[in-house]
Amino acid sequence: MPGRQSVDAVIVGAGFSGLYQLYRLRELGLSTRVFEAGDGVGGTWYWNRYPGARCDITSLAYSYSFSPELEQEWEWTEKYPTQTEVLRYLNHVAQRFDLLRDISLGARVVSALWDDTTARWTVTTDAGEQVDAQFVIMATGVLSAFKLPEVPGLDRYRGRTHHTARWGTDEVRFDGLRVAVIGTGSSGIQCIPLIAEQAADLTVFQRTANFSTPAGNRPLDPAQVAEMKGSYRAYREAQRTSWYGVPAEPPTELALSVPGRERLATYEAGWAKGEIVGLISCYADILIDPAANESAAEFARSKIRAVVTDPELAEALSPRTFPIGTKRLCLDTGYYETFNQPHVHLVDLRETPLVEFTPVGLRTTDREFEFDAIVFATGFDAMTGALNAINVRGRDGVSLAEEWAAGPRTYLGIAIAGFPNLFTVTGPLSPSVLSNMIVSIEQHVEWISDCVAHVRSAGSAAIEATPEAEAGWVQHVAEVGSVTLFPRADSWYMGANVPGKARVFLPYIGGVGTYRQICDEIAADNYRGFTLRAAGEPAHT
Ligand code: NA7
């Protein structure tokens, strides 16, 4: 059994969040240890290696801003970077800033226990290593606890199985095979066209049809890159004050206040941008007013009908069960076109639900299917799954998973009452998945680092959110969310994709600029809503 190390901080996870958090804590002079479950750095970009895996924020925007030198020296090659390219970037960052020496790879954290008498955490890994730390920063990712379909028999299936979020490093080919893909979220929509190129026969099992826009991906124009590199500082500032971490003029007009023909032209222009929010940001009320939303949704459905030649199939692929934008929008390259190929089939699981897996394939309420390989693109226990998978216990041994049984409660999505010196990067009830993640990650890491510096310079042992401040934030997040159409969708934003999970709108939709302002004001107001505990002061009661 390895000995017990004592450090200032433990960071859990070495993706975009964990790498930058390590960089910042080192700058502050903290001794820091990072534990990463994967055998390499990269987090989401390490695990999700499925064919077609690509970021749906443009590469020039989806990158760190903290180092102008890094910004200048790194060369992105495409409008939307592939998984391989983002992972190469993160490995470069880890090496360039000499981060690897404090990172333990292949080490999964299984518990984090707070000791109120010493005001320190004990973090334990799956190998039994224990580290004792003043601070713990959970950089565990918002889409990292993957999920499988909740039907029996998977252990009986004898063919190959792959999950998009655990693809592995060996090349996977489907040449000549009968393949099933289950799930039509971003991952399914990205991998289906490429799997169809190889498979002899492909059946897509769709539970909910999704909205997807052609990405219009292309090699980056050197002139555009040069222009961005010449104005990066101003661009980054604009990102930070924007609504979702990508600068854009906010729409002011209401969808139904303009004549139909003008609205269609606006939708065409929004669609042609090839951006996830291209269509829904055409008007100010698309995520608020059901009728406005339906006008955008119907426009998107007309695009599906224009591509898919069989009208019945086009209808089956057309989302009808939720307002557009309230489930994660997708970007694709040839997704709908794929269904025009004779060897590609669609099974609507709402009409004929999945019953079980069998030794040779699977069975729906309608019939049995045989497959050589099944690909699960069935998503994640989003935002809370990775945190709840760790046995986190705060003051009085209270379990985080139990505290959150009725839905996560946080202050700013960063801190949790009863869990001193514990921080969550892009945690539940922060903008997180409703933003360009890198902008949100940098903001959180910087705020957390400033907070840690504040605690240390005050000579304090611990900082903790008050239950009142937390309750106020939980209420604010819910109120802002309830103005929108998001609560109407059975989405992973609402926890609805995981049976038994509390139905709570998990991200904060106030916008990253507004949210940053709130966080900054709280810090400037002597960390309003937090209590500091002096070293040697008796434990809380
Ligand atoms: P998503 O977006 O959660 O998509 C998962 C898909 O799998 C979705 O179509 C689900 O249907 C479907 N699903 C989930 N469970 C089942 C079961 N039990 N049976 C059938 N179908 C099922 O995950 P992704 O990996 O595609 O994307 C995650 C995010 O990564 C993405 O939004 C980007 O932010 C990057 P449902 O819609 O729940 O009915």
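The values are calculated or read from the model by the stated rules, or taken from the named source; none is laboratory data. Given the structure is predicted, the values throughout are model-derived calculations rather than measurements. Every residue, glycine among them, receives a Cβ derived from its backbone with ideal geometry; neighbour counts consider all protein chains shown.
Points worth noting:
- Options 36, 73, 69: the member that is more than 16 Å from the ligand (Cβ to nearest atom) and surrounded by 20 or more Cβ atoms within 10 Å (Cβ to Cβ): 36
- Residue match in segment 394-405 (condition: of a type in the set (Lys, Arg) and either within 16 Å of the ligand (Cβ to nearest atom) or buried (at least 21 other Cβ atoms within 10 Å of the Cβ) (or both)): no
Here's the yes/no breakdown for (1) in contact with a Lys or Arg (Cβ under 9 Å, 6 or more places away or on another chain); (2) of a type outside the set (Val, Ile, Thr); (3) at pLDDT 95 or above; (4) farther than 25 Å from residue 238 by Cβ:
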residue	(1), (2), (3), (4)
25	no, yes, yes, yes
35	yes, yes, yes, yes
70	yes, yes, yes, no
73	yes, yes, yes, no
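A quick yes/no check of all residues on (1) in a helix (DSSP H, G or I); (2) in contact with a strand residue (DSSP E or B) (Cβ under 6 Å, 6 or more places away or on another chain); (3) over 19 Å from residue 430 (Cβ atoms):
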site: 481; (1), (2), (3): yes, no, no
site: 502; (1), (2), (3): no, no, no
site: 517; (1), (2), (3): yes, no, no
site: 526; (1), (2), (3): no, no, yes
site: 537; (1), (2), (3): no, no, yes
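- Leading residue by the ranking (farthest from residue 278 (Cα to Cα)) among those in segment 293-322 that are within 14 Å of the ligand (Cβ to nearest atom) and of a type outside the set (Ser, Thr, Tyr): 316
- Looking at segment 1-90, the helices (runs of 4 or more DSSP H) lying wholly inside it that each contain 2 or more residues that are within 30 Å of residue 123 (Cα to Cα) sit at 16-27, 44-47.
- Evaluated against (1) in contact (Cβ under 8 Å) with a residue 24 or more places away in the chain; (2) more than 24 Å from the chain's Cα centre (by Cα); (3) more than 16 Å from residue 206 (Cα to Cα), residue 331 falls short on exactly one condition, (2).
- Per-region count, segment 152-207, residues more than 15 Å from the ligand (Cβ to nearest atom) and over 16 Å from residue 50 (Cβ atoms): 9
- The single residue among 487, 428 that is modelled with pLDDT of 95 or more and buried (at least 21 other Cβ atoms within 10 Å of the Cβ) turns out to be 428.
- Index of the failed condition, residue 343 passing every other in (1) without any contact (Cβ under 8 Å) to a residue 60 or more places away in the chain; (2) loosely packed, with under 14 Cβ neighbours inside 10 Å: (1)
- Every residue from segment 197-228 that is in contact with a His (Cβ under 8 Å, 6 or more places away or on another chain) and acidic (Asp, Glu): 201
- Subset of segment 125-171 [modelled with pLDDT under 95 and among the polar types (S, T, N, Q)]: 169
- Test for residue 213: is it more than 16 Å from the ligand (Cβ to nearest atom) and either under 18 Å from residue 332 (Cβ atoms) or touching a Cys at 6+ places or on another chain (Cβ under 6 Å) (or both): no
- Taking first residues from segment 219-241 that are assigned to a helix (DSSP H, G or I) and partners that are aliphatic (A, V, I, L, M) and buried (at least 16 other Cβ atoms within 10 Å of the Cβ), the Cβ contacts under 6 Å between residues at least 6 apart in sequence or on separate chains come to 228/60; 239/439.
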